[in-house]
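What follows is one structure encoded as structure tokens, with my remarks underneath.
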Amino acid sequence: MAESKGDAAVAVVDDAGRTVQLSHPARRVVSLIPSATETLLAIGAGPLLVGRTRYDVAPEVQHLPLVGGSVDPSIEAIAALRPDLVVSWESDKRQQFRERLERLGVPIFMLRTQDTSDVYRGLRNLGVLTGHSRGAELTAARLRAELDSVRISVAALPRPRVLYVVFNDPPMTVGPHTFIGQLIDLAGGTSIFADATTNWPNVPMEEIVRRNPDIVIVPVGEFKGQALERLRAMPGWRTLPAVREGRLVHVPANLLSRPSPNIGKAARVLRAAMFPAFASAVHAADTAWPALSADGLAPTTVDGRAARR
């Protein structure tokens, strides 16, 4: 997807309502959001990346200098890379962080990463800022086709009632307006907490038992067997019929925690988790993602930062 970037000025309104103007498409980019890094790679702008966070797992960026975490990056490390664009969260309240970068002359693009519509808007805006608009358009079209294919394939099937476990103690799940909640719905399931009014609600174990999900989906990292066995032994969880009867399934935490163009893969993985007949349609690459946590249990981390209510 190589594109001619040219020298024409570009401007977009970011998700914080700020106009970001560049005298030419960005040539040196630091992304502090793992999903934005994946988006840049997908549209062909990977060669522009000059740094990475500790949450970036794509093999294509492992050779890049580390700037720290997604929420605690080193400004000195970023500045040393001489970026002409930094991508950070729309909800990031660290005004001092932004002001210090801006004093150094580094433009910041604030990106919202909450639901599936944010993925498409992020594709478009990052395409403009990096001179890869055509790559962004092609990636968006391919993603729509992937998601439509999953949606159509389950349209006539009974919908299982699902609990997606963001964290197990205290229990945390997904709200209907998060990208995970939307992907569960698209892939043919119904969240038992579809009535949640927050994005990442903590829910009482007693209420989980009362709502009695057909399937419990757990995002796990490297040692998935150990993680699932631990969950099966925990008070409350071990009495849940879905857990007792073998309807506890795992999905790769990194893949499911990133609202990037890889949500097409995530939708296929969720479909297979809810409808085992589709397991053969899951590509090996869909599940072969590096671990998010050393002990196998996914922490309350979504897209490189803590899940927030």
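Matching residues to (1) buried (at least 18 other Cβ atoms within 10 Å of the Cβ); (2) modelled with pLDDT under 90; (3) among the small types (Gly, Ala, Ser); (4) under 23 Å from Gly175 (Cα atoms):
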| position | (1), (2), (3), (4) |
| --- | --- |
| Asp214 | yes, no, no, yes |
| Ile217 | yes, no, no, yes |
| Phe223 | no, yes, no, no |
| Glu229 | no, yes, no, no |
| Ile263 | yes, no, no, yes |
| Ala267 | yes, no, yes, yes |
| Leu270 | yes, no, no, yes |
| Ala273 | yes, no, yes, yes |
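When the residues of segment 231-256 are narrowed to those that are within 30 Å of Ser117 (Cα to Cα) and in contact (Cβ under 8 Å) with a residue 60 or more places away in the chain, which ends up surrounded by the fewest Cβ atoms within 10 Å (Cβ to Cβ)? Top of the filtered list is Asn254. If you go through segment 34-55 and pick out every residue that is without any contact (Cβ under 8 Å) to a residue 24 or more places away in the chain and within 16 Å of Asn262 (Cα to Cα), you end up with 2. Does any residue of segment 196-217 turn out to be outside any loop (DSSP other than H, G, I, E, B) and hydroxyl-bearing (Ser, Thr, Tyr)? So far as segment 196-217 goes, no, none of its residues is outside any loop (DSSP other than H, G, I, E, B) and hydroxyl-bearing (Ser, Thr, Tyr). Identification of helices (runs of 4 or more DSSP H) wholly contained in segment 43-151 with 3 or more residues that are within 18 Å of the chain's Cα centre (by Cα) yields 116-130. Evaluation of Ala36 against the conditions (1) assigned to a loop (DSSP other than H, G, I, E, B); (2) under 12 Å from Leu129 (Cβ atoms); (3) of a type outside the set (Lys, Arg); (4) within 18 Å of the chain's Cα centre (by Cα) shows that the sole unmet condition is (1). Note on segment 85-121: among residues that are crowded, with 23+ Cβ neighbours inside 10 Å and in contact with an Asp or Glu (Cβ under 8 Å, 6 or more places away or on another chain), the one that is farthest from Ile180 (Cα to Cα) is Phe109. Can you name every residue in segment 180-195 that is on the phi < 0 side of the Ramachandran plot and part of a loop (DSSP other than H, G, I, E, B)? Within segment 180-195, Ala187, Gly189, Ile192, Phe193, Ala194, Asp195 meet the criteria.
For segment 198-210, the criterion of a residue being in contact with a helix residue (DSSP H, G or I) (Cβ under 6 Å, 6 or more places away or on another chain) and aromatic (Phe, Trp, Tyr) is satisfied by no position. Cβ separations smaller than 7 Å between residues 6+ apart or across chains give the following pairs from segment 105-133 residues that are free of Cβ contacts under 8 Å to residues at least 60 places away in the same chain to residues that are of a type in the set (Val, Ile, Thr): Val106/Val86. Quick check on segment 261-268. Is at least one of its residues touching a strand residue (DSSP E or B) at 6+ places or on another chain (Cβ under 9 Å) and among the polar types (S, T, N, Q)? The answer is no, given that none of the residues of segment 261-268 is touching a strand residue (DSSP E or B) at 6+ places or on another chain (Cβ under 9 Å) and among the polar types (S, T, N, Q).
For Val203, the stated conditions hold: it is more than 17 Å from Ile263 (Cβ to Cβ), among the β-branched types (Val, Ile, Thr) and surrounded by fewer than 23 Cβ atoms within 10 Å (Cβ to Cβ).
The values are calculated or read from the model by the stated rules, or taken from the named source; none is laboratory data. Every value quoted in this text rests on a predicted model; they were computed, and no experiment measured them. Note: ideal-geometry Cβ built from the backbone for every residue, glycine included; neighbour counts use all protein chains shown.
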